[in-house]
Amino acid sequence: MRIFKEEQRFNQIWLILVIATSVLAAIGIIISAYVEDHNSFSAIEQVAIIGLLVFASGFIFLFKLNTRIDENGISYKFFPFHWSCRQIQWNEINNAYVRTYDAIGEYGGWGLKGGKLWNTSKGKVINVSGTIGIQLELKNGKKLLIGTQKKEDAEKVLATYKTKIDYNA
């Protein structure tokens, strides 16, 4: 029995820099507005606004994508959107393979994307970074792409369970 496990988070340096720069600029504007006119808002309101700003911008770093491939199928959870794992059994899958994709061009970016607001022929995607994903083509006609940073490991474990897909086709 072979098992693939992966946990991914939004931790790209460019993302951290963009968010930090935006937050610092906003904090600078808030502080300068308070310095110019102390009556614009109270110190408590200023601290509350800055605290809310820092919390809201840091919220993305709580997101976590967990993927598992084992003898039962493929399961995933994208917290905070999914509170429990979503399981796709092998008998629900027509094809599963690792592929390269263009996150912005195909799906409009990273995160939980797809569906009615984007290119429905591509299906849905759940990803946090990169350009490699586990493409699932389901028997109900739907498609799901789960991002991965472990291309070789994902390919090996999918090859291990390929007979389960072929057997149930």
For region 78-93, how many residues are crowded, with 16+ Cβ neighbours inside 10 Å and assigned to a strand (DSSP E or B)? 3
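Of a type in the set (Ser, Thr, Tyr) and under 17 Å from the mean Cα position of the chain (by Cα): is that true of Tyr34 in this structure? Can you show your working first?
On the way: of a type in the set (Ser, Thr, Tyr): yes; under 17 Å from the mean Cα position of the chain (by Cα): no.
Criteria not met by Tyr34.
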Selection status of Gly130, within 13 Å of Gln8 (Cβ to Cβ) and within 16 Å of the chain's Cα centre (by Cα): yes
Would you be able to tell me the number of residues in region 130-148 that are in contact (Cβ under 8 Å) with a residue 40 or more places away in the chain and either surrounded by 15 or more Cβ atoms within 10 Å (Cβ to Cβ) or of a type in the set (Phe, Trp, Tyr) (or both)? 10
Within the bounds of region 57-71, is there any residue that is surrounded by 12 or more Cβ atoms within 10 Å (Cβ to Cβ), among the acidic types (Asp, Glu) and out of contact with any His (no Cβ under 6 Å at 6 or more places or on another chain)? yes
Search result, residues across region 1-31 that are part of a helix (DSSP H, G or I), modelled with pLDDT of 80 or more and not aliphatic (A, V, I, L, M): Thr21, Ser22, Gly28
Quick one: would you say Asn140 is over 28 Å from Val18 (Cβ atoms) and in a helix (DSSP H, G or I)? no
Check whether at least one residue in region 36-51 is of a type in the set (Val, Ile, Thr) and outside the structural domain of Asn11 (by TED's automatic domain parsing), and report yes or no. no
Please enumerate the residues belonging to region 32-70 that are modelled with pLDDT under 85, of a type in the set (D, E, K, R) and not in a helix (DSSP H, G or I). Asp37
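The values are calculated or read from the model by the stated rules, or taken from the named source; none is laboratory data. Keep in mind the model is a prediction, meaning the values are calculated, not measured. A quick note on method: Cβ atoms are made from the backbone with ideal geometry, for glycine too, and the neighbour counts reach across all protein chains shown.
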